[in-house]
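Participant: So that we are looking at the same thing, I have put the structure below in structure tokens.
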Amino acid sequence: MTPLEFLSIAAAVFAILMCGTGLLRFNLFLYSLQTFSIALATIAQSQQAKEPELYFVAIAIIVVKALAVPYFLSWISNRIDARSDPGILIPIPITMHAAIVLLGISYPLAKSLPHILWLSDSTVGATVAISLLFTGTLFMLTRRNALSQIIGFLTLENGIYLVAVTCTRGMPFIFEMGSLLDVLVAVMIAGLFVFRIKKSFEHIDVTQLDGLKES
Amino acid sequence: MNFTEILCFIVLFLVLPILISGFIRNLKARLQNRIGSPLLQPLYNLYKLLQKSETISQDASPLFRIVPALNFSIMLILAVLVPWLPFHFSLPGSEIFLVLYLFAAMRFFSIIAALDTGSPFSAFGASREATLSALTEPAIILSLVALGIAYRTSDLNEIFSFSQSHGLMQVSIWLLSGAGLFLASLVELSRMPIDDPTTHLELTMVHEAMVIENSGPNLALIELAYNLRLVVYYGLSAQCFMHALAVLFTIDHATYVLLSILAIFILAFLTAAIESFAVKLAWRNNPEFIAYALTMSLLASLAAIFQSAFASLSLGNLGAFL
Amino acid sequence: MIPVYKKLAINELANTIRADLEIEGNRVGLVTSIDGNQLITLMLNTRSGNTVLYQAELASDSYTSLTTTIPQLHWHERAIHDLFGLIPLGHPRLKPAIINESCETIFAPLRETAKPISDKLLATRDFEYLHISGEPIFELPVGPVHAGIIEPGHFMLSCLGEDVLNLEVRLGYLHRGIEKRITEIPWRKARFVAEAAASDTACANALAHALAIESLLAVEPSFRSQGLRTLALEIERLAMHIGDIAGMAYDLGYLVIAANFSRLRGTALRLAELLSGSRFLRGYICPGGVVHDPDRLLSEIQRTTKNLRENLKPALDFFISNPAVYERLRNTGKLSSSLASEFGMVGVVARACNIAYDCRQSFAQGSYPKNHPTIALQQEGDALARTLVRIAEINSSLDLIDTILSDLPSGTIGSNLPVDLPANAIGIGIVEAFRGELIHLVITDKAGSIKRYAIKDPSFNNWTGLAIAMRNNVIADFPICNKSFALSYSGHDL
Amino acid sequence: MNDLIMALIAPALIIFACLIARSISILTKLATGLILCHLLVMIKILMPLAIGNTTFLTLLPGFAIDRMSALFLLLTALIASASFAHAQVFFKQEETSGHGLQTAYVRQYYILATLFVVAMMAVYASDNLGFLWISIEATTLLSAGLVYFHRTKNALEATWKYFIICSVGIAFALLGTIFIFASSQHDQQIGSLSCFELVKLAPNLDLGSFKIGFIFCFLGYGTKAGIFPLHSWLPDAHSEAPAPASALLSGSLLNCALFAIWRIYQIAQATGRCQFIQDVTIWAGAVTVVAAALFLVRQYGIKRLWAYSSIENVGLMLVAIGLNSPFLFFLQAINHSLAKVSLFLISGNIIQSTGTKYLKDIRGVFRFAPVWGIVLALSALAVAGVPPFGSFVSEWMILTENFNLKYIIPAILIIFGLTLTFIAVCLHIGPLLLGTPKSTSKIFRPIASSVVPVTLLIGSLILGLTVGYEGLIKVVR
């Protein structure tokens, strides 16, 4: 087991733990840790694959996704006084256990991916990446708070990034940076809209946004 | 196990329970800017309790009298069986399931003893304890079973010995198991954020409410058994963390022993910090916290199963696990 | 303040009060009797600051209960029953409120001495809990002796599993006969007894007493003493609110913050000591003014306030910005706004239910007319709302203390009072104590001595609120719910 | 390089104008003028490519234009001009009808709309799949502000749905892009994201991971295009946006997303082993057509109606892509865009003058505004695929092609969908056009408000009569 794999497992664990609480600040903290481990995994990969430009990507990830974005979101959550998310459909602890089941499912899925997809032996990396995709989606589906949706989306994005790191021999640098910038802008815009939603609806419960139902 | 080690074990066995609980109390006081009670305060308390006479509810059956002594003796056996220190008697019977059943037996006895008096408070405490342990039990079982899967044995002594080969995967298993055990032991030992051991509020207590009818020497035995249980649980999770550490670095035996004891103190420190800074959870939110313990142990089991799958992979048995 | 006095027939009383309550801003201040021969009702108008006192003579020892028409009077009628031996016919739950039933024969202390007590009164002395029947329901008695150092009070929780279906509050373990005692001693010494009505509210009680006596004597204290009185009251509010927050943090298990707030409460009490020489402001306010001018210590007070403010702000932020605290308190012990107004909640509890009632504005005295704080309101009526109201009031008290200190009028601190109280007069003092509306009512007889001295502590209204708020919460929420109300036992029992 | 600068001058000037213009009327006039200049510049740059004189134009590394993208670029420029030109009338009316229009909002609208158009053009111009992805993500980010223009609760809800659903969708497209990149690293190659290179490399791609990549890209860009069942945001966003923005969203953004799918489909075709991918595409298209037609039957808002009709057309275009016919894809796209933009603009006029967007509240358009009524009726027929409009020809050709390639069931589904659409549109539009106008109607019908729709409609008609006629002859032969 390589450090890359160890760190990506840590990311998966943090993502799963993130599903277990409705407190937004704690969610953001765990998201930050998860992103941090992914950035460290990137550094591990850059050493392994001898691609120095991945260093810059890792630093950019730490600055943007592990620090700036969580800070921005927690600032918003304080400003609009939304500190927790009661969740929908299933109780929050069960969500966490569902995420574990999904991690278990991710393994055979990762194994059944076409074999080219791991250039080195990166089954674990691919497993974690798929599990992050699942976890992010699950998080988005089972939460009702607009901010939680953003966090879920970011987790999903992390999963995609991890696919890029573990399953390819280095995506083009400019593409990495471009997608990172996109994420940043998307979060900023989403944050602004959360403010707007709070202002017009006096809540940020997305399940209650149903004024446009077909009728 | 040589003579010095036996001596060490006995000394630690006698001293640590008192010291750790005194340490936690004192530390909590320090964190609140108070001077706090002396480290040996639990000992003085025990002495005081032993001096006192007992008051027993008229409705209580003899069971109520026996249970503290019974639990204490079970705890003594457990303290010898469970490898909570880096050296231990290699007695036969340190089976995971025997240990788990002994712990469960203790819980069972204290619950029926609490119900025995007919006091509404201890009944409350008992019912809460039953609920909590039903939720925590899987976490503890799975943490230990994960280790069992990883090392293909159900003998705790064997699992916690050094003969096994290690890799980074083992580090994650050990870390996750240790974390699961520690979180579960916070619940088991009725500590924050589930239960506040310092509270005077009879309506929110779990453990304290359960033993509210006990007094005098009986209470002393309960306290002593509790302290011992605390040290055994902490020692077990400390051992898990130490094993993870031992995978990453080579440590000679003497340092390892010292570090293990230090680790127990670090966990105690952590407990004190949690108890000073955490907010007690609402009763309905307790499952959310316990779910974390369960999650850690589930992940540990998952990791252990993966590891077995990898092992079979290397044997050329591709996908046999799947 | 002299109330408008009106006489009524007893059968009109209920409907008159009812009609009055329909008018916006009107509320019942106090219902009691003078010597057992009549009912008096004090109505307050929180908009105009006017007060009306209705007196209705009684022909016998019983009268038709007012509770059936106006539910919030149930507690008043129980108190009247205890103190005067008057029976409200048709009262749904008549049982002792103030005087513990351990006094085996009814002794109705405030009753006119010549009047005999009929036998049927004796039958009603038993305290019968409200029983909720059903197989899985069990009753959990808590108190009156508690594990911590708190006052005695007995709570009967009827539970279904962990859920509380009903909470019955039973008080009266601390009855000291304050109201009776004040009528027995010279009125100049009465202030010492009056301020002992609730020890942590000493200043507010002394102030209410002073206001009542001053209104009788038609004396206006000097501007300086008014400023000092307001200062004392705000310091008391500050210290006690900090203490309540500390208690809340302690019940949450948030020990570090609890210890910190307890320390800061000490600092606030230090302010009180600097001002009056007593950490609990004992004996400071007297009719006619205050007893002591802190003159040279004012700069020290100013400095301490600044210091306190600097220390308090980060602690409060740290406390309330913790999402776990937030979650724990939210939706715990929720009291709906409609029930709160129907049962006449006062103080922090009312303001947390979005009822804008603050005696500092409605019945302004001292330096309040000039600079009163804005009313701290919250919508939700849960423990969180009450805590947030307390925090807002801590901040506004600090601001107020600063404002008063920065321009305290000069002048004398006391004024000479006449030797005798006027005959057949009524005086009231209404003060916003830190728990809420506090009323002292003085009635003199023909000879000019105090015939009846009635005190209505804020807790008197709010205990009912606690019982309502506890319904459908889990048992383990009771301490937090109780702490968020922070009610007084001795103030209630008197 | 010069071409690039020339193409960007006009948008830059519009943004500049937005920043300095004092009043709404000056701003709208300036913007209209500049966007028309932009259209001319684009025609000048791209005509050689579109006619086929030149085949390839490289702008920057990663950005290149071939014939297909040139055609779509021209279409986009045309739609943008139409939308901007009509926006002038739209905002004037909005101002007079007392909706409390703020200059800042209009300014913001123009800046975002301009950037949005530039982002869409970047989609067509990018040769690199990565840049393609970034551009499409940029269109989402920029158009969210357009949808939110009215600042109402409904607009906010539509924007939030649009934003979140499309962001997630696009994230999956990124995943697909990564898989496609990984597939090109087969056999220790360096890997590439360039479409042209990938087409060349196609036989060497790792088919397994390419398929996964295609599916994810298809899902991702398909969300953006509104393929059933990923369409849920589309009716909300298209109906809540102001009419010129709806026109842009429906008339060119959908083409953008489909173009991205087409680009990847080209690579799939080039691998030569993509029967599965073809099946998926054609079936998805056919199902989308039927689903949209079914949704069309019960609609309450006039713009929602057209939004569902757009989904239906997306289905048709997807089938055209699946048939590997760039010609049909473009023909369907241009026919749909012209008619649909005209429809959205006219519907915007009607909504503004009647003050309601509900079908049941609008009556008698023929009475109070005959020109609008005629344009609306004709455009609706054009969208529903009635001869002699272009759509009829392209739909006819798509069907025949389907039968040729033995996709019988999809073809039957499409026929069913098209019939249902025709009936549903007629049923909804009939009462709206005829009947007595409700008394609350605020009648306004400056000639200016009909200029753009009429022009587009005439364009559609000419297209149907010329290209369509040729095509029809080809089919008949």
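The values are calculated or read from the model by the stated rules, or taken from the named source; none is laboratory data. Since the model is a prediction, treat every value here as computed from it, not as a measurement. We place every Cβ from the backbone using ideal geometry, glycine too, and count neighbours over all the protein chains shown. All accessible areas refer to the heavy atoms of the entire protein, side chains included, with ligands and DNA or RNA removed. Shrake-Rupley method; radii C 1.70, N 1.55, O 1.52, S 1.80 Å.
Participant: Could you check the stretch A:184-205 and list, in sequence order, the residues that are under 16 Å from A:Gly152 (Cβ atoms), in a helix (DSSP H, G or I) and more than 7 Å from chain D (Cβ to nearest Cβ)?
Facilitator: If the condition is that a residue be under 16 Å from A:Gly152 (Cβ atoms), in a helix (DSSP H, G or I) and more than 7 Å from chain D (Cβ to nearest Cβ), then A:Val187, A:Gly191, A:Val194 are the ones that fit.
Participant: Which residue out of C:Val291, C:Val346 is surrounded by 24 or more Cβ atoms within 10 Å (Cβ to Cβ) and more than 14 Å from chain B (Cβ to nearest Cβ)?
Facilitator: C:Val346
Participant: What about A:Tyr71, is it part of a helix (DSSP H, G or I), without any contact (Cβ under 8 Å) to a residue 12 or more places away in the chain and more than 19 Å from A:Arg143 (Cβ to Cβ)?
Facilitator: yes
Participant: What do you reckon, is D:Leu405 under 24 Å from D:Leu345 (Cβ atoms) and open to solvent by 60 Å² or more (accessible area, probe 1.4 Å)?
Facilitator: It is false that D:Leu405 is under 24 Å from D:Leu345 (Cβ atoms) and open to solvent by 60 Å² or more (accessible area, probe 1.4 Å).
Participant: Out of the stretch A:74-92, which residues are touching a Leu at 6+ places or on another chain (Cβ under 7 Å), within 12 Å of another protein chain (Cβ to nearest Cβ) and in a helix (DSSP H, G or I)? Steps first, please.
Facilitator: Applying the first criterion (touching a Leu at 6+ places or on another chain (Cβ under 7 Å)) to the stretch A:74-92 yields A:74, A:76-77, A:82-85.
So of that shortlist, the ones also within 12 Å of another protein chain (Cβ to nearest Cβ) come out as A:74, A:77, A:82-85.
Scanning the stretch A:74-92 gives A:Ser74, A:Ser77.
Participant: Pairs, please: C-beta under 6 Å, at least 6 apart or cross-chain, first residue closer than 18 Å to D:Phe91 by Cβ and in the stretch D:137-157, second aliphatic (A, V, I, L, M)?
Facilitator: Short answer, once both residue conditions are applied: D:Gly145/D:Leu112; D:Leu146/D:Leu112; D:Leu146/D:Ala241; D:Leu146/D:Ala245; D:Val147/D:Ala158; D:Val147/D:Ala237; D:Val147/D:Ala241; D:Tyr148/D:Ala155.
Participant: May I ask you to list pairs of residues, at least six apart or on different chains, whose Cβ atoms are under 9 Å apart, with the first in the stretch D:311-338 being closer than 15 Å to D:Trp396 by Cβ and the second being of a type in the set (Lys, Arg)?
Facilitator: D:Asn313/D:Lys340
Participant: Checking the condition outside the structural domain of C:Ser338 (by TED's automatic domain parsing) and open to solvent by less than 10 Å² (accessible area, probe 1.4 Å), which residue from C:Leu58, C:Leu94, C:Leu8, C:Leu53 passes?
Facilitator: Within the list C:Leu58, C:Leu94, C:Leu8, C:Leu53, the selection yields C:Leu53.
Participant: Another question, if that's okay. Of these, A:Leu156, A:Leu133, which one is touching a helix residue (DSSP H, G or I) at 6+ places or on another chain (Cβ under 6 Å), at the interface with chain D (Cβ under 8 Å from one of its Cβ atoms), within 29 Å of D:Gln185 (Cβ to Cβ) and open to solvent by 10 Å² or more (accessible area, probe 1.4 Å)?
Facilitator: After ruling out the rest, the residue left standing is A:Leu133.
Participant: Please go through the stretch D:46-95 and give me each residue that is in a helix (DSSP H, G or I), among the β-branched types (Val, Ile, Thr) and without any contact (Cβ under 8 Å) to a residue 12 or more places away in the chain, ordered by number.
Facilitator: In the first step, residues of the stretch D:46-95 are kept if they are in a helix (DSSP H, G or I); the result is D:46-51, D:67-95.
Filter once more, so that each one left must be among the β-branched types (Val, Ile, Thr): D:51, D:76, D:79, D:89.
Passing the criteria: only D:Ile51.
Participant: Also: Filter the stretch D:289-302 down to residues that are open to solvent by 10 Å² or more (accessible area, probe 1.4 Å) and within 12 Å of chain A (Cβ to nearest Cβ) and give me whichever is nearest to D:Cys426 (Cα to Cα).
Facilitator: D:Val297
Participant: Right, next: When residues of the stretch D:196-205 are filtered for being within 14 Å of chain A (Cβ to nearest Cβ) and either aromatic (Phe, Trp, Tyr) or in contact (Cβ under 8 Å) with a residue 60 or more places away in the chain (or both), how many remain?
Facilitator: 2
Participant: Answer with yes or no whether B:Ser127 is small (Gly, Ala, Ser), assigned to a helix (DSSP H, G or I), in contact (Cβ under 8 Å) with a residue 12 or more places away in the chain and on the phi < 0 side of the Ramachandran plot.
Facilitator: No.
Participant: If you check B:Ile74, B:Ile24, B:Ile35, which single one turns out to be within 14 Å of chain C (Cβ to nearest Cβ) and open to solvent by less than 40 Å² (accessible area, probe 1.4 Å)?
Facilitator: Of B:Ile74, B:Ile24, B:Ile35, the one residue that is within 14 Å of chain C (Cβ to nearest Cβ) and open to solvent by less than 40 Å² (accessible area, probe 1.4 Å) is B:Ile24.
Participant: I'd like the full set of residues that are out of contact with any helix residue (DSSP H, G or I) (no Cβ under 9 Å at 6 or more places or on another chain), touching a residue at least 24 places away in the same chain (Cβ under 8 Å), within 14 Å of chain B (Cβ to nearest Cβ) and not hydrophobic (A, V, I, L, M, F, W, C), limited to the stretch C:151-199.
Facilitator: C:Ser158
Participant: So how many residues does the stretch B:38-71 have that are open to solvent by less than 70 Å² (accessible area, probe 1.4 Å), touching a residue at least 24 places away in the same chain (Cβ under 8 Å) and of a type outside the set (A, V, I, L, M, F, W, C)?
Facilitator: Final tally of qualifying residues: 7.
Participant: List the helices (runs of 4 or more DSSP H) that sit entirely inside the stretch C:336-432 and contain at least 2 residues that are of a type in the set (Gly, Ala, Ser).
Facilitator: C:337-342, C:347-352, C:383-406
This table checks each residue for (1) surrounded by fewer than 23 Cβ atoms within 10 Å (Cβ to Cβ); (2) at the interface with chain B (Cβ under 8 Å from one of its Cβ atoms); (3) under 16 Å from A:Ile160 (Cβ atoms).
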position: A:Val13; (1), (2), (3): no, yes, no
position: A:Thr21; (1), (2), (3): no, yes, no
position: A:Asn27; (1), (2), (3): no, no, no
position: A:Gln34; (1), (2), (3): no, no, yes
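Participant: A further question on this structure: Any residue in the stretch C:133-150 that is within 7 Å of chain B (Cβ to nearest Cβ) sitting within a Cβ distance under 9 Å of a residue that is of a type in the set (Val, Ile, Thr) and not in a loop (DSSP other than H, G, I, E, B)? List the pairs, counting only those 6 or more apart or interchain.
Facilitator: Correct list of pairs: C:Leu140/C:Val164; C:Leu140/C:Ile475.
Participant: Could you list all residues from the stretch D:241-276 that are farther than 26 Å from D:Ala122 by Cβ and part of a helix (DSSP H, G or I)? Break it down into steps so the answer makes sense when it comes.
Facilitator: Pass one, the stretch D:241-276, residues farther than 26 Å from D:Ala122 by Cβ: D:271-276.
Matches in the stretch D:241-276: D:Thr271, D:Gln275, D:Phe276.
Participant: Can you spot a residue in the stretch D:141-154 that is in contact with a Gly (Cβ under 7 Å, 6 or more places away or on another chain) and surrounded by fewer than 22 Cβ atoms within 10 Å (Cβ to Cβ)?
Facilitator: Going residue by residue through the stretch D:141-154, those that are in contact with a Gly (Cβ under 7 Å, 6 or more places away or on another chain) are D:153-154.
Retained after the next criterion (residues that are surrounded by fewer than 22 Cβ atoms within 10 Å (Cβ to Cβ)): D:153-154.
Yes, because at least one residue in the stretch D:141-154 is in contact with a Gly (Cβ under 7 Å, 6 or more places away or on another chain) and surrounded by fewer than 22 Cβ atoms within 10 Å (Cβ to Cβ).
Participant: State which residue pairs qualify: first residue under 16 Å from C:Glu432 (Cα atoms) and inside the stretch C:38-59, second residue assigned to a strand (DSSP E or B) and open to solvent by 20 Å² or more (accessible area, probe 1.4 Å) in any location, beta carbons under 6 Å apart, and separation of 6 or more residues or different chains.
Facilitator: Qualifying pairs under 6 Å: C:Leu44/C:Arg27; C:Asn45/C:Asn26.
Participant: Can you go through D:Trp160, D:Trp133 and tell me which one is buried (at least 24 other Cβ atoms within 10 Å of the Cβ), of a type outside the set (Asp, Glu), facing chain A (nearest Cβ under 9 Å) and closer than 17 Å to D:Pro235 by Cα?
Facilitator: Details: D:Trp133 fails: closer than 17 Å to D:Pro235 by Cα.
Sole residue among the options that is buried (at least 24 other Cβ atoms within 10 Å of the Cβ), of a type outside the set (Asp, Glu), facing chain A (nearest Cβ under 9 Å) and closer than 17 Å to D:Pro235 by Cα: D:Trp160.
Participant: Kindly provide the set of residues from the stretch C:440-477 that are open to solvent by 10 Å² or more (accessible area, probe 1.4 Å) and within 14 Å of chain B (Cβ to nearest Cβ), ordered by number.
Facilitator: C:Asn472, C:Asn473, C:Asp477
Participant: Follow-up. Give the residue, chosen from C:Ser278, C:Ser222, C:Ser262, that is open to solvent by 20 Å² or more (accessible area, probe 1.4 Å) and touching a strand residue (DSSP E or B) at 6+ places or on another chain (Cβ under 7 Å).
Facilitator: Answer to the selection: C:Ser222.
Participant: Now a separate question. Determine whether B:Ile266 is surrounded by fewer than 17 Cβ atoms within 10 Å (Cβ to Cβ), hydrophobic (A, V, I, L, M, F, W, C) and away from every other protein chain (no Cβ under 14 Å).
Facilitator: yes
Participant: Which residue is surrounded by the most Cβ atoms within 10 Å (Cβ to Cβ), if the candidates are limited to the stretch D:206-240 and must be at the interface with another protein chain (Cβ under 10 Å from one of its Cβ atoms) and not in a helix (DSSP H, G or I)?
Facilitator: My answer is D:Asp206.
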